[in-house]
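Student: Dropping a structure here in C-alpha cells format, bear with me for questions.
No value in this document is a laboratory result; all are computed from the given coordinates. Quick caveat, the model's predicted, so the values are computed rather than measured. Neighbour counts run over all protein chains shown; Cβ positions are idealised from the backbone, glycine included.
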Amino acid sequence: MTSSQGLHLKTYVFLLFMVTFGPLGDVLLAGGMKKVGALNLQDPASVFHFFARAFASGTVWLGVILLLAFFISYTLVLSWADLSFVQPASSLSYVIVALLGHFFLHEVVSPVRWAGIALLGLGVLIVGYTPPRTTERV
C-alpha cells in the first residue's frame, strides 16, 4: 500500500467515524435534553435545577462524548483532506440524523425534507468520486 493509498484509507475511515459519531451524539443529546425538559429563565431556581438534571443525565453525557469523538475525527480528517471534500462528504450525516430522528425520537420527517436529504445523499456520492486532497503539503 502506498502512502497515498494509506492516506485515502485513513481519510475514509475517519469520515465514517464522523458520520457515525456526529449523528449518534446529536440524537442522544437531543433525546437526553427532551427528557430533561424545557428551561424556564424566569426563575433562578429552575435554571439551577435544569442544569442539574442535564448534567446528571447519562444520555446527555454520552451524546457529548460522541460529539467530542466526532470533533476529534473531524479535526484529523481536515489535516489529511481538503475542506471542500470533507464538508460535502460528511453531509451523509444529515441522512443518518433524519433516519435516527424518525426511528428513535419519533420525529415526523416530511416528504419535502426526505427529498432534500436524498439530494444531499446524491451530492455525497458525487463528491466521493473526487480526490480528497487537491492541494500540496507545505
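Student: Can you give me the P(r) profile for region 1-108? Cα pairs, bins 10 angstrom wide beginning at 0, each as a whole percent.
Tutor: With a bin width of 10 Å, the distribution comes to 15, 34, 27, 17, 6, 1, 0.
Student: Can you pull the one-decimal nm distance between simple spin-label points at ARG113 and LYS10, each 7 Å off the Cα toward Cβ?
Tutor: According to this spin-label approximation, the distance is 3.8 nm.
Student: Return the tail of the calculated pair distribution for region 50-138, meaning the percent of Cα-Cα pairs more than 21 Å apart.
Tutor: On the way: 1967 of 3916 pairs.
Considering region 50-138, 50 percent of its Cα-Cα pairs are separated by more than 21 Å.
Student: Calculate the dipole size of the chain relative to its Cα centre from +1 charges on Lys and Arg beta carbons and -1 charges on Asp and Glu beta carbons; express the result in debye to the nearest 20. Write out the running numbers ahead of the final one.
Tutor: Values: 7 positive and 5 negative charges, 26 e Å.
Value, rounded to 20: 120 debye.
Student: Moving to a separate point now. Calculate, in nm to one decimal, what PHE71 and PHE48 gain on full extension: separation in residues at 0.36 nm each, minus their alpha carbon distance.
Tutor: Additional length available on full extension: 5.5 nm.
Student: Another one. Round to a whole angstrom and tell me the spacing of the C-alpha centers of region 84-138 and region 43-71.
Tutor: That distance is 27 Å.
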